[in-house]
Amino acid sequence: MGIVNSEIKPFNATAFKQGEFVEISEADVKGKWAIFFFYPADFTFVCPTELGDVADKYEELQKLGVEVFSVSTDTHFTHKAWHDTSETIGKINYYMVGDQTGTITNNFGVMREGQGLADRATFLIDPDGIIQAVEITAEGIGRDADDLLRKVKAAQYVRNHPGEVCPAKWKEGEETLAPSLDLVGKI
């Protein structure tokens, strides 16, 4: 079975968020939109650029009712140390989840075999705990928070407007499509 349209699996973890260690589980995800943003490791190179990019969009994501959970197999202690020593990481206000057991990373199927590190992967989860979108890139390819924000808005639009879909490059306020027999072969 593919992971899109599947429900997130149970987990328990400790996260660093806004100066505190907090316990989280899949129950903290249900009832709201969530982004799980997996990355290989703290104190690396591409990862802080991506995490900082998401931090810059966090307020806008919050206004859309979206919570962000960044996840690596580092500990929550390592996340705090990185947060305290990096200007880029220091601006993060979302959850930095420690997944040293690999439970969450394995639940989402993005553990690098034999390495104990997560792939560079993003999952968008709806309020029912169902995965709506997935993006996985190779080690050297960073993700774009603007495109992630666009995907969130598209997923929320589709959820709130049954019978409509968002075409390629759709942006908020643009036309959508209503799939029907009349559209077959005319797009």
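The values are calculated or read from the model by the stated rules, or taken from the named source; none is laboratory data. Everything numeric in this text was worked out from a predicted model, so none of it was measured. Here Cβ is always computed from backbone atoms with ideal geometry, including for glycine, and neighbour counts include all displayed protein chains. Remember, those area values only see protein heavy atoms, side chains included, never the ligands or the DNA or RNA. Shrake-Rupley method; radii C 1.70, N 1.55, O 1.52, S 1.80 Å.
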Degrees separating the helix 46-63 axis from the principal Cα axis of the chain, which is the longest one: 60
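I'd like the carbon and sulfur percentage of the solvent accessible area for segment 4-142, probe radius 1.4 Å, heavy atoms only, ligands and nucleic acids excluded.
Working: 2930 of 6130 Å².
C and S fraction of accessible area: 48 percent.
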FRET efficiency, 1/(1 + (r/R0)^6) with R0 45 Å, evaluated for Asp146 and Ser180 via beta carbons: 0.90
Relative packing of 169-175, 140-146, which averages over residues the other C-beta atoms within 10 Å, highest first: 140-146, 169-175
P(r) tail fraction, segment 64-119 - alpha-carbon pairs more than 19 Å apart, %: 34
Spatially proximal lysines relative to Lys63 (Cα-Cα < 21 Å; intrachain offsets below 8 disregarded): Lys17, Lys30, Lys32, Lys91, Lys151, Lys153, Lys171
Length-normalised contact order for the chain - Cα pairs under 8 Å, 6+ apart - percent: 25
Calculated log₁₀ intensity ratio I(q)/I(0) where the Debye formula runs over C-alpha points of the chain, q = 0.12 Å⁻¹: -0.57
Computed over segment 24-117: relative contact order in percent, which uses C-alpha pairs under 8 Å that are six or more apart: 31
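May I ask you to give the solvent-accessible area per residue for the chain, in square angstrom, as obtained with a 1.4 angstrom probe?
Values: 9610 Å² over 187 residues.
Dividing the accessible area of the chain by its residue count gives 51 Å².
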Rounded Å value of the spacing that divides the Cα centres of segment 15-49 and segment 151-187: 30
Surface/4 of the Cα convex hull for segment 8-59, nm²: 4.6
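Using unit Cβ charges (K, R positive; D, E negative) and no other charged atoms, how large, in debye to the nearest 20, is the dipole of the chain about its Cα centre?
My answer is approximately 260 debye.
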Nearest-ten-degree value, helix 76-85 long axis tilted from longest Cα axis of the chain: 90
